[in-house]
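Contents: one structure, followed by commentary.
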Amino acid sequence: MTRSEARTAEAWRGYDSAALIIALLGLLALLLLWWMGYGPTNAGCCAAPVVATAPAIQPMVPPPAPAPAPVAAPAPEPAKIDTPAVVAVAPTPEPAKTEPPKAAAPAVVPAVDCGKLVEGVSVQFVTGSAALTPEARAVLDRTLDCLKDGRYEVDGHTDNVGNSAANQKLSEARANAVVEYFRSKGFDAQRLTAVGFGDTRPIADNATAEGRAPNRRIAITRLP
């Protein structure tokens, strides 16, 4: 055998070994398929090759939202019955008791000393005027009892409050008011003369209220 032939024989032996290995591997593969259920059936026919199909992809459906828990409706409150308001009835006012007017107490009229008329009689006038007060009229009524006959001078005097000229006019007006009152009582006005001296003949201190009171006077002098 030549050298080339020896190589050829060696090559074939290599191929035979490879073919044997491939055949063994194929047989092993068939046994494996048969064992897994892909082998030939008992009828002797070969089963069709099984094509594995991929499972259909199901769309992702979100799980349904849990149903909300039932909310218990609050029990209705019982209807409120308004208590009728109590209206206070004001008591009927009693008729006002009308008391009869009380009679004014008679003014106390001081006694008039007929021998001292020249010193002055306290005759009250309305402040700042020649209007006679009720008390003054009562005093003059008693003074009339002293004027029996003859002629008389009626002198008016004031205190020193205010203007001297105004006091002079006020004293004259007051003296004339006394004369007019005597005349209204029926005394002959021709027997009376009115004279005013203002604040020129005080008989008390004009510095005090007590002293000014007697200075506001009417003096009556019998004329010869």
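Taken together, the values in this text are just the output of simple stated rules run on the coordinates, not laboratory data. What you see is a predicted model; the values in this text were computed from it and never measured. Virtual Cβ from ideal backbone geometry, glycine too; neighbours counted across all protein chains shown.
Report note on the peptides 152-159, 181-188: ranked by the mean count of other C-beta atoms within 10 Å, highest first, their order is 152-159, 181-188.
In this entry, region 114-223 is assigned a mean projected area of 6.3 nm², taken as a quarter of its C-alpha convex hull surface. Take every DSSP beta bridge whose two residues both sit in region 114-223; close to 60 percent of them are antiparallel.
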